[in-house]
1. When both residues are 6+ apart or on different chains and their Cβ atoms are under 9 Å apart, which pairs have a first residue that lies in segment 52-64 and is hydroxyl-bearing (Ser, Thr, Tyr), and a second that is not in a loop (DSSP other than H, G, I, E, B)?
2. Given (1) surrounded by fewer than 19 Cβ atoms within 10 Å (Cβ to Cβ); (2) among the polar types (S, T, N, Q); (3) under 18 Å from the mean Cα position of the chain (by Cα), identify the lone condition not met by Thr105.
3. Quick check on this structure: which one of Asp238, Asp282, Asp243 is within 14 Å of Asp159 (Cβ to Cβ), among the acidic types (Asp, Glu) and touching a residue at least 60 places away in the same chain (Cβ under 8 Å)?
4. What number of residues within segment 148-169 satisfy the criterion of being hydrophobic (A, V, I, L, M, F, W, C) and at positive phi?
5. Being assigned to a helix (DSSP H, G or I), in contact with a helix residue (DSSP H, G or I) (Cβ under 9 Å, 6 or more places away or on another chain) and of a type in the set (Asp, Glu): is that true of Glu90 here?
6. I'd like to check which helices (runs of 4 or more DSSP H) are fully inside segment 119-233 and have at least 1 residues that are crowded, with 16+ Cβ neighbours inside 10 Å, touching a helix residue (DSSP H, G or I) at 6+ places or on another chain (Cβ under 9 Å) and among the polar types (S, T, N, Q).
7. Listed residues Leu110, Leu70, Leu58; which is surrounded by fewer than 21 Cβ atoms within 10 Å (Cβ to Cβ) and hydrophobic (A, V, I, L, M, F, W, C)?
8. Go through Phe17, Phe30 for me and flag whichever is under 22 Å from the mean Cα position of the chain (by Cα), under 24 Å from Arg291 (Cβ atoms) and either at pLDDT below 95 or surrounded by fewer than 19 Cβ atoms within 10 Å (Cβ to Cβ) (or both).
Amino acid sequence: MTLNPDLPLVYHSNYSFNFDPKHRFAMSKFAHLHDYVKQLGLVTNNLVKPELGTPEALELIHCHNYINDLWYNRLDEKAMRRIGLPWSHELMARTFTAPQGTLKTARLALQHGIACHLAGGTHHAHTDFGSGYCMVNDLAFTAQTLIQSGEITNVLIFDLDVHQGDGTAAMLQHQPYAYTCSIHCEKNFPFRKSASDLDIGLANNMQDNEYLGIVDDTLRFLLKELNPDLVLYDAGVDVWQQDGLGKLDISWQGIEKRDNLVLKRCIEHNTPVATVIGGGYDRDHLRLAKRHAIVVEQAARF
């Protein structure tokens, strides 16, 4: 099947910067992902650059003190340890720009039916603290912005990262028009989970067929029940059987089938879908980028 080179993609060159290559978080993966989808012929005049982010915009969902202490490097050692990334000006630039990228992707999806962000999915960030390599929550920010502006009435956040979307769930618990669904490995980080509108905790070592059945049944039910104006899809690839932090046994082909399935169900339902890449951990950064590219390749097939 041919790939559509007009698929809207969102990316900023500040997403990757000079960073310790041995760190568990592969900061280079965003640039590698961009280069790989470009090699596939998917980067033409369809690449959209988000605006540079600032703390002010993020105060819509984050506490003023936290967001400013983060920006100005005033968080204590314990708070930074919980985040797990060393503070730098470059890190702040990418951290505050990425939510603008997810928002831009969502707006492009509303316009074109489907759009992909070559970053995003920082679902462990809470209102007043960061956690698990996530400092600000792009999913909660995008949902809240679009609902508040009246661009959408309701949104489904469909989170298939292997780790539960605790921050997103906690931040949007009082937002009746944002429905959070997390399908994750139960015995995995975060060990203290927040309550999403729907949580499905999977057993360790679950394989393709059972997993794909759960994903399909859940999404079909939610699309029918909620009839959302938009789906924000966190296509985490840490469900892969060889992922460093995964604990599930999903094959590479299983991820391809999953992403195809999610996008197909949204399109069948005439629901715009915006994708973010979510988590993925691998010492081989190029292989990781190719894994993150799966959702982009699948989107380009529609």
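1. Going by the 9 Å Cβ cut-off, the qualifying pairs are Thr54/Trp71; Thr54/Phe96.
2. It fails just one condition, (1).
3. So the residue among Asp238, Asp282, Asp243 that is within 14 Å of Asp159 (Cβ to Cβ), among the acidic types (Asp, Glu) and touching a residue at least 60 places away in the same chain (Cβ under 8 Å) is Asp238.
4. Counting residues in segment 148-169 that are hydrophobic (A, V, I, L, M, F, W, C) and at positive phi gives 0.
5. So Glu90 fits the description; yes.
6. Once the helices (runs of 4 or more DSSP H) in segment 119-233 are filtered for at least 1 residues that are crowded, with 16+ Cβ neighbours inside 10 Å, touching a helix residue (DSSP H, G or I) at 6+ places or on another chain (Cβ under 9 Å) and among the polar types (S, T, N, Q), what remains is 138-149, 166-171.
7. Leu110
8. Phe17
The values are calculated or read from the model by the stated rules, or taken from the named source; none is laboratory data. The structure presented is a predicted model; accordingly, all values stated were derived computationally and were not measured. Don't worry about glycine lacking a Cβ; one is built from the backbone with ideal geometry, like all the others, and counts go over all protein chains shown.
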